[in-house]
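In what follows, a single structure is set out as C-alpha cells and then discussed.
The values are calculated or read from the model by the stated rules, or taken from the named source; none is laboratory data. If you're wondering where the values come from, they're calculated on a predicted model, not measured in any experiment. Cβ sites come from the backbone with ideal geometry, for glycine too, and all protein chains shown count toward neighbours.
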Amino acid sequence: MIARFGRKHAGARVSGAGAASPGIWPEIRTALAGFLKEAMDVLLPEEEGCVLCGRVGLGGMEEVFYAPICRGCLGRIPFVQPPYCRVCGRPMRGAVAEGGLRGGPVCKDCASGGRFFKVARAVGVYDGALKDFIYALKFRGRRELAEGIGVLMARVATRDKAIRGFQLIAPVPLHPKRLVERGYNQAELLARMVGSCLGVPVRPVLARSIHTGEQNKLGGRDRHENLRGAFTVPRPLEAAGKSILLVDDVITTGATANECARAILRAGAAEVRVLAAAVAPLEREWLHRA
Ligand SMILES: [Zn+2]
Ligand SMILES: [Zn+2]
C-alpha cells in the first residue's frame with residue numbers, strides 16, 4: 001500500500017450549535033461552502049507544484065510515488081549512472097571503471113575489504129541540483145524537501161535489484177547536539193518517506209553516543225577512528241535476524257554507513273544495505289560535467 005504524506009486535508013467541521021440558535025445560518029453557510037470546496041477539489045483538482053522546486057506545469061511533470069516532480073528538476077539532478085562500484089554505489093569513470101570484475105566494477109576502497117554493509121546505493125552524485133536540495137533540507141529548515149528526495153530514493157530501492165529485500169528501515173541517527181540545534185533528523189525524514197512509499201516499517205534501530213566530535217572536519221582515517229563505538233543498538237531484538245535498510249542523506253567516505261552497519265550486524269541482524277540521497281564521488285574518479 002502506497003501512501004502520501006501531507007496531501008490530505010481535514011474535512012470542514014461544523015460546531016455543535018443548537019437547532020434553534022439564531023447563529024445557525026452562518027454556520028450552515030460555512031459548512032456548505034466547505035462542502036462545495038471539497039467537491040470542487042475532487043472534480044477540478046488544483047494543479048500541484050513540483051515537490052522539489054514548487055513550480056507548476058513547466059515542461060511537464062513526472063509522478064514518482066504520486067509526488068509530482070518537474071522535468072526541469074529531474075533534468076538537473078546528476079543521477080548515478082553506470083559504471084559505478086557494485087558494492088558502495090560510487091560512480092566510476094574512465095580507466096578506473098575498466099577491468100571490472102563480473103557483475104560490475106569494484107572501487108579501490110571496497111576491493112580492500114572492510115565493508116560491513118552488503119551494498120550501498122544513492123539517487124545521485126552529491127553535486128548540482130541534488131546538492132542544493134539536500135543542503136536546503138539540512139541547513140535551511142526545508143523539511144518538505146524530504147518528500148521529493150525520499151520518493152526518488154524509494155524509486156532506486158524498487159529499481160535496483162541489489163538493494164531490494166529488506167524488512168526494516170533504520171535512519172542514521174543525528175548527533176544529539178545537532179538534533180537539538182536542527183530540531184529534526186533529515187535522515188529520519190527521508191527514511192519515513194521511503195518507508196511510506198514502500199510499506200516497510202521505519203524504526204530508530206540505532207542510537208548515537210554523545211561523545212563523537214565533528215565528522216566532516218576530519219580526513220578518511222580519522223573519520224573511522226572518530227566513529228569507533230559511536231553507534232549502539234538499544235533494542236537488539238528488534239534488529240535480530242532481519243535484513244535492514246540503513247538510510248542516510250549523503251554517503252561521503254562510507255565510514256558512517258560502515259560503522260552503523262557494523263553495530264547493526266553485531267546486534268544480530270542478517271544483513272545491512274544502505275540507501276542514500278546522494279553519494280560523494282572520489283575526485284579522481286569523477287570528472288565534473290560541463
Ligand atoms: Zn521542479
Ligand atoms: Zn566501492
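Annotations
- Among residues of segment 63-88 that are within 16 Å of ligand 2 (Cβ to nearest atom), none has a Cβ under 6 angstrom from a residue that is aromatic (Phe, Trp, Tyr) at a sequence gap of 6+ or on a separate chain.
- Cross-chain or 6+ apart pairs with Cβ under 9 Å, segment 125-149 first and at positive phi, then surrounded by 17 or more Cβ atoms within 10 Å (Cβ to Cβ): GLY128/ILE77; GLY128/PRO78
- Taken over segment 193-227, the criterion of being modelled with pLDDT under 95 and either in contact with a Cys (Cβ under 7 Å, 6 or more places away or on another chain) or of a type in the set (Val, Ile, Thr) (or both) is satisfied by ILE210, THR212.
- From the list ARG284, ARG266, the one residue that fits, being at pLDDT 90 or above, over 21 Å from the mean Cα position of the chain (by Cα) and of a type outside the set (A, V, I, L, M), is ARG266.
- Top-ranked residue in segment 46-79 [being among the aliphatic types (A, V, I, L, M), in a loop (DSSP other than H, G, I, E, B) and crowded, with 21+ Cβ neighbours inside 10 Å; ranked as farthest from ligand 1 (Cβ to nearest atom)]: ILE77
- Residues located in segment 238-277, provided they are part of a strand (DSSP E or B), surrounded by fewer than 24 Cβ atoms within 10 Å (Cβ to Cβ) and among the small types (Gly, Ala, Ser): SER243
- Residue match in segment 184-199 (condition: part of a strand (DSSP E or B) and on the phi < 0 side of the Ramachandran plot): no
- When the criteria are applied in full, VAL64 meets the requirement of being under 30 Å from ALA270 (Cβ atoms), outside the structural domain of THR253 (by TED's automatic domain parsing) and modelled with pLDDT of 95 or more.
- Here VAL106 clears all of (1) among the aliphatic types (A, V, I, L, M); (2) touching a residue at least 60 places away in the same chain (Cβ under 8 Å); (3) within 16 Å of ligand 2 (Cβ to nearest atom) except the condition numbered (2).
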